[in-house]
1. Between Thr25, Thr48, Thr37, which gets the highest mean-square fluctuation from a Gaussian network model of the chain, Cα cutoff 10 Å?
2. Between (1) -0.55, -1.32; (2) -0.50, -1.56; (3) -0.58, -1.10, which entry matches log10 I(q)/I(0) by the Debye sum over Cα atoms at q = 0.16, 0.28 Å⁻¹ as derived from the coordinates of this structure?
3. Against the longest alpha carbon principal axis of the chain, how many degrees, from 0 to 90 and to the nearest 10, is the axis of helix 6-32 turned?
4. Under the rule that an exposed site lies in a DSSP loop and has at most 12 other Cβ atoms within 10 Å, name the longest stretch of the chain with no trypsin sites (Lys or Arg not before Pro) of that kind, not counting the sites themselves.
5. Compute the helix-to-body angle for 36-57: its Cα long axis versus the longest principal axis of the chain, expressed 0 to 90° and rounded to tens.
6. Expected output is a single nm value to one decimal: the length gained when fully extending between Lys39 and Glu8, i.e. 0.36 nm times separation in residues minus the C-alpha distance. What is it?
7. Solvent-accessible area of Ser40, probe 1.4 Å, all protein chains present, reported in Å² to the nearest ten, please.
Amino acid sequence: MTKLTMKELAFIEDAIRAESITAKTMNWCATQCNDETLKSTLEAMAETHQLKIADLSQYFNRTSNIQ
């Protein structure tokens, strides 16, 4: 695997933060919904963002890949 620079890791960290905020916002919006279809859609969108967080976090678990 290609080694990542500290700047690249900082970009990944920013992306993780953005995905986290988006997931939390989607979950909050879902709690405010009375429409079950919309609520389910928002929860599914939040889960998608949570999965992106997990994917992006993999790069932090590979500390040997830092230049």
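The values are calculated or read from the model by the stated rules, or taken from the named source; none is laboratory data. Because the structure is a prediction, the values reported are computed rather than measured. As a convention, Cβ positions derive from the backbone with ideal geometry for all residues, glycine included, and neighbour counts pool all protein chains shown. These accessible areas exclude ligands, DNA and RNA; they are computed on the full protein's heavy atoms, side chains included. Shrake-Rupley method; radii C 1.70, N 1.55, O 1.52, S 1.80 Å.
1. Top of the fluctuation ranking is Thr37.
2. Among (1) -0.55, -1.32; (2) -0.50, -1.56; (3) -0.58, -1.10, the one calculated here is (3).
3. Result, in degrees: 10.
4. Numbers: sites that count: Lys3, Arg62.
Longest run free of exposed loop sites: 4-61.
5. Taking Cα atoms only, the helix is inclined about 10 degrees.
6. Numbers: separation 31, 0.36 × 31 = 11.16 nm, distance 3.53 nm.
Extending this stretch completely gives an extra 7.6 nm.
7. It works out to around 70 Å².
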